[in-house]
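Peer 1: Starting off with a structure, shown below.
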Amino acid sequence: MSDATARLDPSAEAEAFGYPRSAVAADLATIAAVGVALVGVQVLLPAAVRDGLAFDHAAFDLHTLLTAAYVHADAGHLLSNLGGYVSLSVVTYLVCLHADRRAWFRRTFPAFLVVLPVAVNLTSYVLLEARFPATAPVSRGFSGVVAGFGGFLLVAVAVHLRRTYSRETVFFVGQFAVLLLFGELLWIYAARVTVLEGAAVTGGLALAVSGIVSRTRGRTYGDAHFRQVGLDLLYVGLVLALLVWLVYGLFPADPVAHGTFTNVFAHGAGFVEGGVLAALTLVAFRP
């Protein structure tokens, strides 16, 4: 049954977010099953087998471009990625439901499990070879996919807002979000934020807010509209808070702290490529 049919069929079962509860429950169970599989790989497979599934940049075994996403260095590494995965995937799924785009999430989700890890590891490999050719790290972990859900979430919020607001308003909201996250990265990695850098980010954020406000000038709205705007402001604010938390966790100030290497190149690739992949599945399968 298609999304539209499920929502309009008067004989349909009790609904959640406008969809049959059993369908929503099945989707959430699928999300949970991936988490269970990650735990199973960590617990059931011997360490030597897991090491063979990691992506060794020196060996470059093609199959490990995919399998590396599903093995982790230790329990702490796994739990960190699980927390990010569950929170980001579930929130993204709920935003897709509110945007009446359940089918979009359902076709993008498997692409994130198969296509995105390969793309992230290839991008990371190229960047590390270009920037640090003498190194040969071993990549493993689901964090690139987690970062991808951050990009997916940003696109999903834009799709949701477009149902109510103009393209220009959505553009300015996106501009604000991107500049906010860029400013956070600048704060994390810049030894000293210059006046010019700070002014550029602050000015960009101010211009984005001005652009959003300008869309309401000269127009008259009822109380219902302003209530909707208030709810959407709260909703976007919570999403941005989640993305700020994601960036803080994925981009540590010292990527080589405690004798381990946090692959910030893979995380950046995951965020960007996750957003691009979600946009492509949206456009390619537009009903």
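Peer 1: Can you tell me which of (1) crowded, with 17+ Cβ neighbours inside 10 Å; (2) at pLDDT below 95; (3) among the hydrophobic types (A, V, I, L, M, F, W, C) is the one Leu88 doesn't meet?
Peer 2: The single condition Leu88 does not satisfy is (2).
Peer 1: Tyr165 passes all but one of (1) assigned to a helix (DSSP H, G or I); (2) over 28 Å from Phe261 (Cβ atoms); (3) not aliphatic (A, V, I, L, M); which number fails?
Peer 2: Among (1) assigned to a helix (DSSP H, G or I); (2) over 28 Å from Phe261 (Cβ atoms); (3) not aliphatic (A, V, I, L, M), the lone unmet condition for Tyr165 is (1).
Peer 1: Could you look through segment 143-176, keep only residues that are hydroxyl-bearing (Ser, Thr, Tyr) and farther than 23 Å from Arg102 by Cβ, and pick out the one that is surrounded by the most Cβ atoms within 10 Å (Cβ to Cβ)?
Peer 2: Ser143
Table: residues versus (1) under 25 Å from Val264 (Cα atoms); (2) among the aromatic types (Phe, Trp, Tyr); (3) at pLDDT 95 or above.
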residue: Gly151; (1), (2), (3): yes, no, yes
residue: Leu154; (1), (2), (3): yes, no, yes
residue: Val157; (1), (2), (3): yes, no, yes
residue: His160; (1), (2), (3): no, no, no
residue: Thr164; (1), (2), (3): no, no, no
residue: Val201; (1), (2), (3): yes, no, no
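Peer 1: Could you tell me whether segment 95-105 includes any residue that is within 29 Å of Gly237 (Cβ to Cβ) and acidic (Asp, Glu)?
Peer 2: yes
Peer 1: Here's something else I'd like to know. Within segment 106-117, how many residues turn out to be surrounded by 23 or more Cβ atoms within 10 Å (Cβ to Cβ) and aromatic (Phe, Trp, Tyr)?
Peer 2: Residues meeting the conditions: 1.
Peer 1: I've got another one for you. In this structure, is Ala134 of a type in the set (A, V, I, L, M) and within 20 Å of Ala54 (Cα to Cα)?
Peer 2: Judged against the criteria, Ala134 is a match.
Peer 1: Quick check: is even one residue across segment 53-62 under 30 Å from Ala134 (Cβ atoms) and part of a helix (DSSP H, G or I)?
Peer 2: Yes, some residue in segment 53-62 is under 30 Å from Ala134 (Cβ atoms) and part of a helix (DSSP H, G or I).
Peer 1: I've got another one for you. If you take the residues in segment 9-22 that are of a type in the set (A, V, I, L, M, F, W, C) and over 23 Å from the mean Cα position of the chain (by Cα), which one is modelled with the lowest pLDDT?
Peer 2: Ala12
Peer 1: Also, I was wondering about something else. Of the residues Ala6, Ala32, only one is within 20 Å of the chain's Cα centre (by Cα) and either more than 28 Å from Gly237 (Cα to Cα) or at pLDDT 95 or above (or both); which?
Peer 2: The match here is Ala32.
Peer 1: I've got another one for you. Of a type outside the set (Asp, Glu), modelled with pLDDT under 90, under 14 Å from Val173 (Cα atoms) and out of contact with any helix residue (DSSP H, G or I) (no Cβ under 8 Å at 6 or more places or on another chain), is that true of Val256?
Peer 2: Criteria not met by Val256.
Peer 1: In the list Ala99, Ala68, which residue meets the criterion of being closer than 19 Å to Leu277 by Cβ, crowded, with 17+ Cβ neighbours inside 10 Å and in contact with a Gly (Cβ under 8 Å, 6 or more places away or on another chain)?
Peer 2: Selected residue: Ala68, the only one of Ala99, Ala68 that is closer than 19 Å to Leu277 by Cβ, crowded, with 17+ Cβ neighbours inside 10 Å and in contact with a Gly (Cβ under 8 Å, 6 or more places away or on another chain).
Peer 1: Is it the case that segment 54-67 has a residue that's in contact (Cβ under 8 Å) with a residue 40 or more places away in the chain and under 13 Å from the mean Cα position of the chain (by Cα)?
Peer 2: No, segment 54-67 has no match at all.
Peer 1: How many of the residues making up segment 118-142 are among the charged types (D, E, K, R), within 15 Å of Asp56 (Cα to Cα) and surrounded by fewer than 18 Cβ atoms within 10 Å (Cβ to Cβ)?
Peer 2: Number satisfying all stated conditions: 1.
The values are calculated or read from the model by the stated rules, or taken from the named source; none is laboratory data. Note that the structure is predicted; figures quoted are calculated from it, not measured. No Cβ is skipped: glycine too gets one built from the backbone with ideal geometry, and neighbour counts run over all protein chains shown.
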